[in-house]
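*Asks:* For reference, the structure I am asking about is given below.
Derivation of every value follows stated rules applied to the coordinates shown; laboratory data play no part. Quick caveat, the model's predicted, so the values are computed rather than measured. Here the Cβ is made from the backbone with ideal geometry for all residues, glycine too, and neighbour counts use every protein chain on show.
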Amino acid sequence: MELEFSPEQREFRSRVRAWLRENRPTARFDPPDTEHGFAQHMQWEKRLFHAGYAAPGWPAEVGGLGLDLWAQLIYEEEYARLGLPERLNKMGLLHGGPTVLAHGTEQQQRDWLPGILDCSEIWCQGFSEPGAGSDLASLRTTGTITGDEIILNGQKTWTSAGPIATKMFALVRTDPAAARHHGISFVVFDLRRPGVEVRPLRQLHGHSGFAEVFLTDVRIPATSVVGPVNDGWRIAQTSLRLERGVGRGVHTKLAQALRGLAEAVQDAGADTGALQRLGSLRAWTFAYEQATYALTDTLARGGADEVMPSILKLRLSEIQTAIWEERLAMLGEEAETVDELGPGGELPPRHREYWHSRANEIFAGTNEIQKNIIGEQGLGLPREPRR
Amino acid sequence: MNYEFTAEQQAFRASVRKVFEHGASAARLRQLWDTETGRAADLWDDLSTLGAPAILVPEEYGGLGGTELDLCPLLEESGWACVPDALVEGLLAGPALLAEAATEEQKAKWLPGVARGSSRLTFALPGTRYVPDAHVSDLIILGGRDEVRVYERDEVALAPVRSMDPARRLFTVTPRPGSGARLPGGRAALSRAESRIHAGSGAVLTGLAERMLRMSVDHVKVRHQFGRPVGSFQAVKHLLAQATSLVTLATRSVRSASCLLAQRAPHAQDAALLARICAVEAEFEANRVSLQTHGGIGFTFEHDLHLWLKRGKAMETAYGGHREPARRAGLLPMSGRHGVLTTQILGRSSPIRPQSRLSGLCGNGYMLLGVCLLLVGLVTGEAPA
């Protein structure tokens, strides 16, 4: 072991930090599903794109910087450190795009990737359905193949970025006769096609940005399938792993939340119990960060770890929730009060962050699903009875 | 960045595991409860042959000039095997403190014997009442409020104190008036000694926790109720998964803290404090969950689980426990722009290199050791690397 960034990595960090500092937006943006907020985000995205910082981890041939995993981690740390806006095309950059890179044809890559980079197309993920959440393989949206077309029917839900998205990558059932995990295909299609209806869903902390998507006889070309037809379950694993993956600077955000808690503990007089709880959360933040680094090291060496992403996702959501719960508890009766609602009626940051941490225990696979993965794939325990 | 142990460190771990499997099986550990010292002389001899007591001793005094990180695998393995010896004191904190704080003359007198394993050590932080393994130690180092003193065995009176863990041997130590030798750099070196105790006891705790979880997983795979292995029930599986997530992260924090101590990194001592907290909390959870998932069988004296359960509880509460370290961690300044501990450490401009020459030496040491072990017939099957 040697815990030391190389001189090149330190130099890269300074360069990224300087650029982000120089170019960062000064005001907090409105939510991206408001007209003003969308324009603000677009302007920032264009600036990142022109500087080559839109997708640092993507290969240079498709418009990225081709950075290795450690440089990506440094970039994400610096991005998070400055509290910069959430990326507009997160689902395309982190999930859809990399899946197309891993499994798509050259034509698909040429057709789709540039639009993700310059945000001319905003992507969203169509996995969950009203009847298929934790049990994703029970999804019922159909894709009926007729000649060179596929006809989609069904409903997707909990769709992040749904209201602003123009493209969806989705799992649809292309062979209804096949067993659960078989007969599913991974498709990418345009949400502006006839038969698509996107209804925004407001989240409990006031944010919209969520949607349910109804698909009624939506005709898409057969060339929309990524990877082989009926092999979508395997293709989707790439996306799911990325979603639970190596952090994206979340350890930095965790440390920022911790800093806020430390200030609140100081302001409240730093009693022993509060200091102990803060100390414990600080310890776990350190451990979380080190586990993130260790997994980055494993992956950077070409290794694999199927279980660690689930361990990290589980612990992240628990540590994050504990930090924000403690923060609210420190405020006593002030905790519930709200001075002013944000655009679209969203709650102020401390409430938003708290509720967001609660959401984190649910999305990208609930913590119970993560524990199944840890127990079954990690510890080799017998599987749940399943259909 | 590199989060992997070196080939030498991994080979060392494999050798240590073999020594413990042979010399510290659960049956053997039970036998030792009723012996006078409670300690196995052959186990110590094997560790000495491995060079373990020499790791933290500088080369000029016959040691290997290694680091806290080099010893980390051994301490994890000692938890895994439930070895009762005071290794955190005897192999890590004690030798390192002598090397840092003793005069040249004192070092020349004590350290060669320590490195060979012929002179055993124990150590107690200031404020500690019970000193482990003082009865088998030739040198007893006591941290006091104002100074650190080293006593030879005949300079102190020992009174045994019974532990709930039948393998632990604790003593109150009363020095004869005017006896002992002062370590001139002792006071200044005490906080680093405490950090080594934090990281080292953390490694023992995560090793204990890993083994408890392994025993539990093995048990719930074969124990059937309602016509199914109980490990297939989420109520059981999720307990073990939760504890695994804590232990996995705690292990990472302990190894990183050990590495940062070895690198003499700024904030390494904070990292050790944080690692101790994670290790205690993770072991606490593994302890709770492993008895719960064993059910009634785990509560019997015959089953081996309680060896680990009791050691775990003892190691949680020893060394200042958890609450005071957690309070201190709460008081650490959130310096830096966002309070990420390691980004501060790693972001500094002029790296300080670790002073380890162990890797070069140890390869040969291990080879010699392998030959020795084979000669005395301790090892069957493959030779140690």
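*Asks:* Which residue, B:G185, B:Y151, B:V220, has the largest displacement toward the positive end of the dipole of the range B:102-241 when charges sit on each Cβ (Lys, Arg +1; Asp, Glu -1)?
*Replies:* B:V220
*Asks:* Quick one: what are the phi-derived ³J(HN,Hα) couplings along the range B:43-51, Karplus 6.51/-1.76/1.60 with θ = phi - 60°, whole Hz, x for glycine and proline?
*Replies:* 5, 5, 4, 5, 4, 5, 4, 5, x
*Asks:* Oh, and also: Considering the range A:14-126, what Rg and Dmax in Å follow from its alpha-carbon atoms?
*Replies:* 13.9, 41
*Asks:* Cα atoms only: what Rg and Dmax, in Å, come out for the range A:324-372?
*Replies:* 13.6, 42
*Asks:* Let me ask another. For the range A:16-33, just list the computed ³J(HN,Hα) in residue order, Karplus coefficients 6.51, -1.76 and 1.60, θ = phi - 60°, integers in Hz, with x standing in for Gly and Pro.
*Replies:* Whole-Hz 3J(HN,Hα) from phi for the range A:16-33: 4, 4, 4, 5, 5, 5, 5, 9, 5, x, 8, 9, 6, 7, 6, x, x, 8.
*Asks:* So, in the protein assembly as shown, how many Lys pairs have Cα atoms under 23 Å apart, if the pair is 8 or more places apart or on different chains?
*Replies:* 13
*Asks:* Just name one of A:A359, B:H306, A:I220: the one whose Cα is farthest towards the positive end of the charge dipole of the protein assembly as shown (beta-carbon charges, Lys/Arg +1, Asp/Glu -1).
*Replies:* In the protein assembly as shown, that residue is B:H306.
*Asks:* Using a Förster radius of 41 Å, what is the FRET efficiency between A:A39 and A:D148 based on their Cβ-Cβ separation? Nearest 0.05, please.
*Replies:* 0.60
*Asks:* Might you report the magnitude of the Cβ-based charge dipole of the range B:57-129 about its Cα centre, with Lys and Arg at +1 and Asp and Glu at -1, to the nearest 20 debye?
*Replies:* Approximately 340 debye in magnitude.
*Asks:* Same structure, new question: Scale the Cα Rg of the range A:264-310 by the rule-of-thumb value 2.2 N^0.38 Å and send over the ratio, two decimals.
*Replies:* 1.71
*Asks:* For A:A335, what charge total do you get from the other residues with a beta carbon under 12 Å from its beta carbon, if Lys and Arg give +1 and Asp and Glu give -1?
*Replies:* Value of the local net charge: -3.
*Asks:* Also, I was wondering about something else. Where the Cα atoms of chain A are projected onto their three principal axes, how long is each span, largest first, in whole Å?
*Replies:* Taking max minus min along each principal axis of the Cα atoms, chain A gives 71, 49, 48 Å.
*Asks:* Turning to a different aspect of this structure: Rounded to whole Å, give me the distance from the Cα center of the range B:41-109 to that of the range B:245-308.
*Replies:* About 21 Å separates the Cα centre of the range B:41-109 from the one of the range B:245-308.
*Asks:* May I pose another question? Starting from the 7 Å offset along Cα-to-Cβ, what nm value, one decimal, do you get for the label separation of B:S118 and B:Q292?
*Replies:* The modelled label-to-label distance comes out at 5.2 nm.
*Asks:* What is the dipole size for the range A:300-387, taken about its Cα centre, with +1 at each Lys and Arg Cβ and -1 at each Asp and Glu Cβ, in debye to the nearest 20?
*Replies:* Dipole about the Cα centre, nearest 20: 680 debye.
*Asks:* Also, quick follow-up: Where in the range A:290-378 are there trypsin sites (Lys or Arg not before Pro) that are in a DSSP coil and have at most 14 other Cβ atoms within 10 angstrom of their Cβ?
*Replies:* Here the sparse-neighbourhood loop sites are A:R301.
*Asks:* If you don't mind, there's one more thing I want to ask. Average partner chain C-beta neighbours within 10 Å, per residue of B:320-326?
*Replies:* The per-residue average across the peptide is 4.
*Asks:* For B:E324 and B:T300, FRET efficiency with R0 = 30 Å and r from the beta-carbon atoms, rounded to 0.05?
*Replies:* Result of the calculation: an efficiency of 0.30.
*Asks:* Also: If R₀ is 60 angstrom, what is the calculated FRET efficiency for the pair A:D190 and A:A268, using the beta carbon separation as r and rounding to 0.05?
*Replies:* About 0.70, to the nearest 0.05.
*Asks:* In bins 20 Å wide, starting from 0, what share of all Cα pairs of the protein assembly as shown does each bin hold, as a percent?
*Replies:* 15, 44, 30, 10, 1
*Asks:* Evaluate the charge dipole of chain B about its Cα centre and quote only its size in Debye, nearest 20, assuming +1 on the Cβ of each Lys and Arg and -1 on the Cβ of each Asp and Glu.
*Replies:* Rounded to the nearest 20 debye, it is 1060 debye.
*Asks:* Name the residue farthest towards the positive end of the dipole of chain B from the options B:A199, B:Q292, B:P73, assuming +1 on Cβ of Lys and Arg, -1 on Cβ of Asp and Glu, about the Cα centre.
*Replies:* B:Q292
*Asks:* Using 0.36 nm per residue, how much length does the chain from A:R28 to A:E368 gain when fully extended, once their Cα-Cα distance is taken away?
*Replies:* 118.9 nm
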